[in-house]
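Contents: one structure, followed by commentary.
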């Protein structure tokens, strides 16, 4: 096991470790083929995110054609993380019994013993609050938008607490968004389910993110009321998404915990009185004097209707795709593609550095030409632009030109190889 | 005979014929009073209906029964009703959709929408009573009489009324999301009714009229062929009421070709064809190539996308040959082209489409009433029932019940048949 991991231990394989020099001319690149992968009835798409536990990819349910997301967990990786396997097991158990519009839905769990992998099929979320906030210059939302997300967060949290679950890791990166802007609380990896007959919500452990931890944890108390931990983290989250700042900051975890332990923070000037009062209530040092969820829900700022006086922050494009279309399509195309097309460009699967440079030069030349006579007729088929761009207008035009062939054969738009 | 799930009901021709013949005596529908024959042991609201016979299956768990409303001491000019019965134990998440359908059918009122006369729950069963639409759905008519598609005039007539219903629905803020031939009901009086409201989605949310909605239909797989590309895409742009226009375009193709485009394709192939492939067309001599140019492609895989993806159809050659013999008007071609455009922004709205020459053509006096086409159609030989149950006596009801039991038994649905026997109207 250990030996396998060691990249320098090549002697076992009979390979001598010495460096071979090759010129760039000799390197042969292989174009990445869109290999279509299936997990059960799901088709794999592009990567959505990567965490310490594993990758999250988009998938498509081939039965319903509904977009979903899969969290791929490798057992080998999990073992390295303290409590990794236990946390995942607990998360699955919790998620399977939850059903609320603001809590992420887990549809299915699949195992692959051979690959030592585990697949968790979740509902598809297009983005997360952290990603959205990072795309803005001031790292904050307009007040009305922050209010909308905060209300949904409190709704979801209220449900979790009603089920006796303390999330313990509320932060913007754990709050995901669906296409219709619905907030979903995700990552219940460190959540704790209270015993059904527990008299109070006292907890002893917490493994959440340091910046969102309350003073009682920063000060290392033996036990603390659990629900108030989530109220504190929600307070920090609200502080963060509404102002773009953090109430407590430190260069390292000790300084940070020191600041949190003191429980003294400043409310920025631009924050209005009502919001300031709510933040003070939620970020009260004493957990017993801190607002409870009902108190938050009855607070003036929570109830208030906030005017939409600023444009909303929109979900940024992912890899150049503004509307974040489904990414499984190109894999499906290669899966369903007919053989003739692959024969056509089978020789262009491999290319060298020289080919790449030549191609880049040609493209630049093409662009230059297009800029010069931008009003001239569209490029004729066969040129790079027509082959590479595969723009729908071009193909449509050619389709109209030759209606018979156009209707009988679907074009593999994204599968076009660059020659 | 199997009913496509999600379809309203299925009345086979002979059943309708039977009804018609029984009415011949006085020209109008005859009321058969069961109450006098049976001891009234029915439960609650069911008492006010006479169940005549079962004639089909609806959805996965539903049975459709023919019924009439009881009117005390008056037994003339009664219209038939369809009573749909669903076993609530069988449907899990569908219950809320049935409730939505009933709510919508009761609250919306338009001459081209099927209304709900009554609805009630008895034991484990939910009953929805609607007027009986005697020809059944447009899909039934296609399968029984118009296997190669309707004549153009009929399609224009049907689509005009469906458009009226859509204009109304859209003005009320609803997207239908499952416009298809099996959701279009046609009566012998020429009434066209749109049904299938259980998939409808409200654009208005929290008092705000949304520019786009994002909800993915629960049982999208029933409507893959008709769902618009933007609904299937599930991206940040969402979709709007224009997606119904796409479905209408596909329905137009379905009515004209006798078979819906993309049907029989595996779901993922359908997705690719819909999003990247050429738009579907109506087949006539201008779109179907002459036989010598028709590439039959014997070893073509089923997913080649030939003729808008209808390859797996066994009788594709016969269909194409029939299509090659006819000519649809240019306005009909343009109409479908407009509807099935990929970009929803380019598709006209439902009100605009009503003014399209293809729809307007139906109003001109030169064209005969489209309904006449339905009655003038040569009727294929009808398989006569060996023992035709005569309505009006107890024996007939037992027969009907038996018949329905065997009918259901044919479906190999033990659970349902047991249930239908347990649900005893007749003693």
For peptides A:301-312, B:256-267, sequence by mean Cβ density within 10 Å, most packed first: B:256-267, A:301-312
Rounded if a/c is under 1.5, else prolate if a/b beats b/c, else oblate: with a ≥ b ≥ c from the C-alpha gyration tensor eigenvalues square-rooted, which is the stretch A:38-123? oblate
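Name the shape class, rounded, prolate or oblate, that the alpha-carbon gyration tensor gives for the stretch A:127-303, where a ≥ b ≥ c are the square roots of its eigenvalues, rounded holds for a/c under 1.5, and otherwise prolate holds if a/b is larger than b/c and oblate otherwise.
Cα axes put the stretch A:127-303 in the rounded bin.
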Mind ranking B:148-156, A:252-260, B:103-111 by how tightly packed they are, going by the mean number of other C-beta atoms within 10 angstrom, highest first? B:148-156, A:252-260, B:103-111
Over all residues in B:261-270, what is the mean tally of Cβ atoms on other chains that come within 10 Å of each residue's Cβ? 3
Label-point gap, in nm, between residue A:254 and residue A:116 - each point 7 angstrom along Cα→Cβ: 3.7 nm
Peptide-level mean, for B:220-227, of C-beta atoms on other protein chains within 10 Å: 2
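Let me make sure I get this right: for the stretch B:138-376, a, b and c are the square roots of the gyration tensor eigenvalues over alpha carbons, sorted descending. Under 1.5 in a/c it's rounded, otherwise prolate if a/b > b/c, else oblate. Which is it?
Judged from the Cα gyration tensor, the stretch B:138-376 comes out oblate (a/c at least 1.5, b/c at or above a/b).
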Say each of residue B:210 and residue A:359 gets a label point 7 Å from the Cα, pointing the same way as Cα to Cβ; how far apart are those two points in nm? 4.1 nm
Counting only other chains, what is the mean number of Cβ atoms within 10 angstrom of the Cβ of each residue in peptide A:218-230? 0
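Read-outs: derived from the displayed coordinates by stated rules, not from any lab. Everything numeric in this text was worked out from a predicted model, so none of it was measured. Cβ: placed from backbone, ideal geometry, glycine included. Neighbour counts: every protein chain shown.
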